[in-house]
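Visitor: Sharing a structure below in structure tokens format, with a few things to ask.
What follows draws every value from the coordinates through simple rules; no lab data is involved. Keep in mind the model is a prediction, meaning the values are calculated, not measured. Heads up, the Cβs are rebuilt from the backbone with ideal geometry, glycines too, and the neighbour counts pull from every protein chain shown.
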Amino acid sequence: MSGEPEKVVDEVLEDEEHEVDSSYKPPPEKTIEEILAADQEDESLRKYKEALLGQAQQGKIIVEPDDPRKVIVKRLALCVEGRDDVVLDLTGDLSKLKKQTFTIKEGVSYRIRIDFIVQREIVHGLKYVQKTYKLGLPVDKMTHMVGSYPPKEGLQSYTTPPEDAPAGLMTRGSYSVQSLFTDDDKHEHLKWEWTFEIKKDWKD
């Protein structure tokens, strides 16, 4: 993508954030200790929270001590039933991802899975924002509320609901995508660009 389309994408993503946040106010951020301390008189709720937080109530969980981030996005996978997942590694040089291209058969139903680590503190209101462009013009946008996650050893995942790829001669071709993994506090945990191509068949 040229410099100008990238600028447009950034502006639209910012507009999307304002649009999403205009009708939703995030709850105040709380520590693990504060969450566990609340509603102690309600035994069933207390047990539920303890089960939900799991290891986190024993102290801060740090999976990658050299990384100060609370959320570390590891990879994005394109998931189509009956086919192997196609995976983008998000831990390296993100600028190289634009040179890799997913192939998607027109009309097929697919999902996007994001694998990530949450460490140190609970993260509230994670969400995945995706803007899709063809020839520099916006053709699709989606925002998925991923949810709140406690720190946990190992990967956690979110998979989007099924999406149908466009179909028809005019929809075939290359698309550029800008993805953003953010949260209620507007922390940009990761922003990256990638491409996919709609074809008549997988091997075309």
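Visitor: Provide the FRET efficiency to the nearest 0.05 for the Leu135-Ile62 pair, computing r from the beta carbons and using R0 = 45 Å.
Guide: On the way: r = 44 Å, r/R0 = 0.99.
Result of the calculation: an efficiency of 0.50.
Visitor: Please state the relative contact order of segment 114-204 as a whole percent: Cα pairs under 8 Å, 6+ residues apart?
Guide: Working: 165 pairs, mean separation 28.9, N = 91.
Worked out over segment 114-204, it gives 32 percent.
Visitor: Rank the residues Leu135, Leu97, Leu76 as a footprinting-exposure proxy: fewest other Cβ atoms within 10 Å of their Cβ go first. Mind showing how you got there, number by number?
Guide: On the way: Leu135 10, Leu97 19, Leu76 26.
The most exposed by this proxy come first: Leu135, Leu97, Leu76.
Visitor: A further question on this structure: Relative to the Cα centre, what is the charge dipole magnitude of segment 77-161, using +1 at the beta carbon of each Lys and Arg, -1 at the beta carbon of each Asp and Glu, and rounding to the nearest 20 debye?
Guide: Values: 13 positive and 10 negative charges, 69 e Å.
It comes to approximately 340 debye.
Visitor: Can you give the extra length, in nm with one decimal, that the chain gains between Asp201 and Ser44 once fully stretched, where that is 0.36 nm per residue apart less the Cα-Cα distance? Walk me through the numbers on the way to the answer.
Guide: Values: separation 157, 0.36 × 157 = 56.52 nm, distance 5.25 nm.
Taking Asp201 through Ser44 to full extension adds about 51.3 nm, to one decimal.
Visitor: Against the empirical 2.2 N^0.38 Å scaling, what ratio does the C-alpha Rg of segment 121-178 come to? Walk me through the numbers on the way to the answer.
Guide: Working: Rg = 15.5 Å, N = 58, 2.2 N^0.38 = 10.3 Å.
My calculation over the Cα atoms of segment 121-178 gives 1.51.
Visitor: From a point 7 Å beyond the Cα of Glu163 in the direction of its Cβ, which residues of segment 80-98 have a backbone N at a distance under 12 Å?
Guide: Of the residues in segment 80-98, none has backbone N under 12 Å from the label point off Glu163.
Visitor: So, one more: Do the alpha carbons of any pairs in Lys131/Lys152; Lys98/Lys152; Lys141/Lys191; Lys134/Lys186 sit beyond 24 Å of each other, and which pairs? Before the final figure, lay out the partial values.
Guide: Numbers: Lys131/Lys152 29 Å; Lys98/Lys152 31 Å; Lys141/Lys191 15 Å; Lys134/Lys186 27 Å.
Lys131/Lys152; Lys98/Lys152; Lys134/Lys186, as the Cα separations exceed 24 Å there.
Visitor: Want the number for His144 to Ser95: 0.36 nm per residue separation, take away the alpha-carbon distance, what's left?
Guide: Values: separation 49, 0.36 × 49 = 17.64 nm, distance 2.40 nm.
Net length gain for the segment: 15.2 nm.
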